[in-house]
């Protein structure tokens with residue numbers, strides 16, 4: 001994702017700097033068995049796509065707010081804290 005955004009041909013220096021600042025505040029979370037198991041439960045209970053379930057499970061496991069542009073499918077997951085930009 002990072003490389004994709006930063007390699008966009010029309011990105012401005014200001015946008016790249018703002019993106020780097022935003023990304024520096026994030027953590028990288030490895031997909032472990034605990035998150036995978038929670039994702040399976042979320043998928044069964046809420047009927048969301050597997051990748052959405054994994055993202056939601058990761059947010060739960062880190063007690064994080066999920067920041068997303070399109071929150072439509074994530075809204076199906078009860079108690080998931082969302083911020084739509």
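A few remarks follow.
- Relative contact order (percent, whole number), the chain, Cα cutoff 8 Å, 6+ residue spacing: 20 percent
- Ellipticity estimate at 222 nm from DSSP helix runs (n ≥ 4, -39,500 (n - 2.57)) divided over the chain, nearest 500: -14500 deg cm²/dmol
- Once the C-beta distance of residue 68 and residue 30 is scaled by a Förster radius of 25 Å, the resulting FRET efficiency is 0.80 to the nearest 0.05.
- In whole percents, the pair-distance distribution calculated for the chain from its alpha-carbon pairs, binned every 10 Å from zero, is 16, 42, 29, 13, 1.
We did not get these values from a lab; they are worked out from the coordinates using the rules stated. Being a predicted model, the structure only gives us computed values, none of them experimental. Note: ideal-geometry Cβ built from the backbone for every residue, glycine included; neighbour counts use all protein chains shown.
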